[in-house]
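Novice: Pasting a structure here, questions to come.
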Amino acid sequence: MVDVIAIGGINVDYIVRKTSANARLLDDVVLESERQVDAQRIEKLLDRVGRSNVRRVLGGSAFNAAQAIAAAAAQMTVGYVGVAGVIPGETFDVLAEMKASRISVDLIRRSRAISGQCVAVVDGTRRGLETCPGANLELAEHLDERRATILSTLGAARLVHITSFFDRPAVERVLSLLDGAKMANTALRISFDPGHFMCRDDCDLVLGFAGMSDYLFLSDRELALLARARQPAEEAVRSLLAQIGGQRLTIIVKESGRVSVFGAARGDVSVARFSHEALAADQIHSPTGAGDVCAAGFLVGFLTPGFDLERAALLSSRMVRAKLTSPEPNSRKLGLSRILTGLAGDPTS
C-alpha cells in the first residue's frame with residue numbers, strides 16, 4: 001500500500017536567474033506568465049544563456065509536491081503516475097532522481113520521446129515559465145494501457161494528489177480513475193492544485209475535479225477566477241461551493257502574508273487564517289515550486305496522527321520558508337524531515 005500517489009507531468013526544469021548580464025537575452029520571456037512552447041524554443045533559450053548558467057532539477061507541479069512529501073515524511077510511502085522521457089545529449093536520469101527522492105516508479109511509463117521541459121526565468125520574486133510538454137502528452141495512453149493496475153493502486157492509497165494536465169484526454173482519464181478509486185475506497189482523500197492557467201482557461205474542468213476533491217489549493221487570484229468575480233474571499237468561497245454542489249471540502253487559499261483555510265460542510269463555511277512572516281526580496285532565491293511545497297506541507301500535516309490544522313499550517317509555512325531561502329532547488333536536499341520531526345515533538349520549536 002502506498003500512502004500518497006501523485007498524478008501529473010514530469011519535467012526537467014532549467015532555472016535561470018535574470019541578471020543585468022543576461023537580461024537582453026531573456027527579453028522575450030514574459031514574467032508572471034506561463035506559455036506552452038515546442039522543444040526547439042527550449043533549446044534556443046538554453047543556447048542563448050549557456051547551459052552552464054542554468055540549474056537543472058526534476059520538476060512538474062505534482063512531482064514537486066510528491067518530492068516534498070517524501071522528503072518531509074520518512075514514514076510515508078509515495079508513488080507517482082506519469083511519463084518519463086529522455087533528454088538527447090544529456091545523462092540526466094529521471095527515474096534515478098525519482099528513486100533518490102523515495103518516490104516509487106512502478107507506475108511510470110518510460111518513453112523514447114523528449115521529456116517534458118520547462119525553462120523558469122526568475123527575477124527576484126517574479127518568474128516566467130516556458131514549458132514543452134514532450135512525453136507528458138502520452139499520459140492518456142499510459143492511463144489506458146495500465147488502467148487496472150493504476151486503479152487498484154489508487155484505491156488502496158490514503159491520498160491522491162493531482163495538479164494541472166497538458167491535454168483534455170488525460171483529464172478525462174484521470175477523472176474516470178478517481179471516480180472508480182473513490183467507489184472502491186470511500187476513505188480515499190483527493191487533493192487538487194489546479195494552478196493559475198487551468199483556473200483561467202479550463203474553469204469547468206477545475207470545477208469537475210473540485211467536486212470530487214477533499215482538499216483544494218488555490219491562490220487568491222485563482223479563487224477569483226473560479227468564483228468568476230473579484231469579491232472578499234469568504235464570498236468567493238461560497239460562490240465556488242455553489243457551483244460545485246457545496247459538498248464537504250477544505251479549501252486552502254494562499255494570500256499575501258497569510259494562508260486562509262476554509263472548511264465547508266453541510267452548507268456551513270468556517271475559516272481559519274494563518275499569518276506568516278514575509279521575506280525580503282533578497283532573501284528569496286527562487287519562487288519556483290514554493291506553492292507545491294506549501295501544498296505538500298499541509299498534506300503531510302493532514303495525514304500525520306496528532307497534527308491539528310494549526311500545526312499543519314505551521315509545517316507548511318516552515319517548509320515553504322526553507323524552499324524559498326535556499327539556493328538549492330532540489331527539495332529532497334532541504335532537510336525538510338527535520339521540520340516535521342521538530343513539530344511532532346514540540347509545536348513551538
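Coordinate-derived values only; no laboratory data. Given the structure is predicted, the values throughout are model-derived calculations rather than measurements. Heads up, the Cβs are rebuilt from the backbone with ideal geometry, glycines too, and the neighbour counts pull from every protein chain shown.
Novice: Considering the range 185-227 alone, what residues qualify as being polar (S, T, N, Q), part of a loop (DSSP other than H, G, I, E, B), surrounded by fewer than 21 Cβ atoms within 10 Å (Cβ to Cβ) and touching a residue at least 24 places away in the same chain (Cβ under 8 Å)?
Specialist: Residues of the range 185-227 that are polar (S, T, N, Q), as a first pass: 185-186, 191, 213, 219.
Going one step further and asking which of them are part of a loop (DSSP other than H, G, I, E, B), we end up with 185-186, 213.
The next check asks that each one be surrounded by fewer than 21 Cβ atoms within 10 Å (Cβ to Cβ); those that pass are 185-186.
Result: 185, single match.
Novice: Given the criteria crowded, with 24+ Cβ neighbours inside 10 Å and either without any contact (Cβ under 8 Å) to a residue 60 or more places away in the chain or out of contact with any Leu (no Cβ under 9 Å at 6 or more places or on another chain) (or both), does residue 21 qualify?
Specialist: On the way: crowded, with 24+ Cβ neighbours inside 10 Å: no; either without any contact (Cβ under 8 Å) to a residue 60 or more places away in the chain or out of contact with any Leu (no Cβ under 9 Å at 6 or more places or on another chain) (or both): yes.
No: the conditions fail for residue 21.
Novice: Related question: Please count how many residues of the range 141-181 are of a type outside the set (Gly, Ala, Ser) and closer than 23 Å to residue 202 by Cα. Lay out the reasoning, then the answer.
Specialist: The initial filter retains those residues of the range 141-181 that are of a type outside the set (Gly, Ala, Ser), namely 141-147, 149-151, 153-154, 158-163, 165-169, 171-175, 177-179.
Subset that is closer than 23 Å to residue 202 by Cα: 141-144, 160-163, 165-169, 171-175, 177-179.
Selection size over the range 141-181: 21.
Novice: Anything in the range 62-86 that is touching a Leu at 6+ places or on another chain (Cβ under 8 Å) and either closer than 15 Å to residue 315 by Cα or not β-branched (Val, Ile, Thr) (or both)? List them, or say none.
Specialist: Initial filter on the range 62-86 (touching a Leu at 6+ places or on another chain (Cβ under 8 Å)): 65, 67-69, 71-73, 76, 79-84.
65, 67, 68, 69, 71, 72, 73, 76, 79, 80, 82, 84 - these are the residues of the range 62-86 that are touching a Leu at 6+ places or on another chain (Cβ under 8 Å) and either closer than 15 Å to residue 315 by Cα or not β-branched (Val, Ile, Thr) (or both).
Novice: So residue 235 ticks every box in (1) surrounded by 14 or more Cβ atoms within 10 Å (Cβ to Cβ); (2) part of a helix (DSSP H, G or I) but one. Which box is left unticked?
Specialist: Of (1) surrounded by 14 or more Cβ atoms within 10 Å (Cβ to Cβ); (2) part of a helix (DSSP H, G or I), only one is false for residue 235: (1).
Novice: Can you find, within the range 74-129, the residue that is surrounded by the most Cβ atoms within 10 Å (Cβ to Cβ) among those that are of a type outside the set (Gly, Ala, Ser) and in contact with a Cys (Cβ under 7 Å, 6 or more places away or on another chain)? I'd like the intermediate steps shown before the answer.
Specialist: So the first thing to find is which residues in the range 74-129 are of a type outside the set (Gly, Ala, Ser), and the list is 75-78, 80-81, 83, 86-88, 90-95, 97-99, 102-103, 105-110, 112, 114, 117-119, 121-123, 125-127, 129.
If we keep only those that are in contact with a Cys (Cβ under 7 Å, 6 or more places away or on another chain) too, we end up with 117, 129.
On the way: 117: 27, 129: 23.
Among residues in the range 74-129 that are of a type outside the set (Gly, Ala, Ser) and in contact with a Cys (Cβ under 7 Å, 6 or more places away or on another chain), the one surrounded by the most Cβ atoms within 10 Å (Cβ to Cβ) is 117.
Novice: So for the range 209-232 (the condition being of a type in the set (Asp, Glu) and closer than 21 Å to residue 34 by Cβ), does at least one residue qualify?
Specialist: Yes - at least one qualifying residue is present in the range 209-232.
Novice: A further question on this structure: Just name the residue that is nearest to residue 219 (Cα to Cα) out of those in the range 163-176 that are touching a residue at least 40 places away in the same chain (Cβ under 8 Å) and of a type outside the set (S, T, N, Q). Let's see the steps before the verdict.
Specialist: Initial filter on the range 163-176 (touching a residue at least 40 places away in the same chain (Cβ under 8 Å)): 163-166, 174.
The next check asks that each one be of a type outside the set (S, T, N, Q); those that pass are 165-166, 174.
Details: 165: 18, 166: 20, 174: 23 Å.
Looking at the filtered set, the residue picked out is 165.
Novice: May I pose another question? (1) closer than 29 Å to residue 21 by Cα; (2) touching a residue at least 60 places away in the same chain (Cβ under 8 Å): which one isn't true of residue 91, the others all being true?
Specialist: Condition not satisfied by residue 91: (2).
Novice: Report yes if residue 291 is small (Gly, Ala, Ser), part of a strand (DSSP E or B) and in contact with a Ser or Thr (Cβ under 9 Å, 6 or more places away or on another chain), otherwise no. So that I can check it myself, show each step before the final result.
Specialist: Details: small (Gly, Ala, Ser): yes; part of a strand (DSSP E or B): no; in contact with a Ser or Thr (Cβ under 9 Å, 6 or more places away or on another chain): yes.
No.
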